[in-house]
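The values are calculated or read from the model by the stated rules, or taken from the named source; none is laboratory data. Owing to the predicted nature of the structure, the values given are computational and were not obtained by experimental measurement. All Cβ positions, glycine included, derive from the backbone under ideal geometry; neighbour counts span all protein chains shown.
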Amino acid sequence: MSKYFLAAFVLFSACVSGPARAQDAAAPFDGDLQRLAEILGTLHYLRGICGSNEGGKWRNEMQALIDAETPSGDRRARMIAGFNRGYNGFQQTYRTCTPAASVAIRRYIDEGSKISKDLTARYAN
């Protein structure tokens with residue numbers, strides 16, 4: 001399921017980035033991007049404690065999102081804050097992998113996949 005999430009994410013990132021959009025102007029999909037950033041932060045933490053051996057995969061996906069979107073100023077800060085909020089929120093709750101953490105991982109992967117697909121369908125050319 002995460003393969004579909006990543007594929008949709010990469011496709012979406014390629015479609016929405018471009019020099020024609022003003023860098024500091026809020027995009028209509030910024031709320032969704034911030035939520036996606038928060039999900040990536042959550043997955044970075046939870047997959048790490050659940051022994052996925054993925055290393056920095058989810059952090060790298062966040063960096064790819066930033067690189068593709070090239071936000072500056074407040075937009076960039078909001079995206080990074082979303083990632084950190086997701087990471088820190090679960091770091092305070094889970095110290096070890098539990099069945100609840102595994103359920104949360106599946107739900108966040110599903111939600112991230114849905115956001116990516118919806119954004120791609122709405123904003124891709």
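Give me the pairs: first residue in region 45-61 and farther than 14 Å from PHE83 by Cβ, second residue at pLDDT 95 or above and assigned to a loop (DSSP other than H, G, I, E, B), beta-carbon distance under 6 Å, and six or more apart or on different chains, which are they?
Pairs that qualify, where the first residue is farther than 14 Å from PHE83 by Cβ and the partner is at pLDDT 95 or above and assigned to a loop (DSSP other than H, G, I, E, B), are ILE49/CYS97; CYS50/CYS97.
Within region 69-125, restricting attention to residues that are touching a Gly at 6+ places or on another chain (Cβ under 9 Å) and aromatic (Phe, Trp, Tyr), which residue is farthest from SER52 (Cα to Cα)?
PHE83
Go through (1) closer than 23 Å to THR120 by Cβ; (2) in contact with an Asp or Glu (Cβ under 7 Å, 6 or more places away or on another chain) one by one and return the number of the condition ASN60 breaks.
It is condition (2) that ASN60 fails.
For region 69-88, how many residues are crowded, with 17+ Cβ neighbours inside 10 Å, more than 9 Å from ALA37 (Cα to Cα) and of a type outside the set (D, E, K, R)?
Total meeting the criteria: 2.
Hey, among the residues in region 89-107 that are closer than 14 Å to ILE39 by Cβ and of a type outside the set (Phe, Trp, Tyr), which one's surrounded by the most Cβ atoms within 10 Å (Cβ to Cβ)? Spell out the reasoning first.
Taking region 89-107 and keeping what is closer than 14 Å to ILE39 by Cβ, we get 89-90, 104-107.
Okay, now just the ones that are also of a type outside the set (Phe, Trp, Tyr), so 89, 104-107.
Working: GLY89: 14, ALA104: 18, ILE105: 20, ARG106: 11, ARG107: 12.
Of everything passing the filter in region 89-107, ILE105 is surrounded by the most Cβ atoms within 10 Å (Cβ to Cβ).
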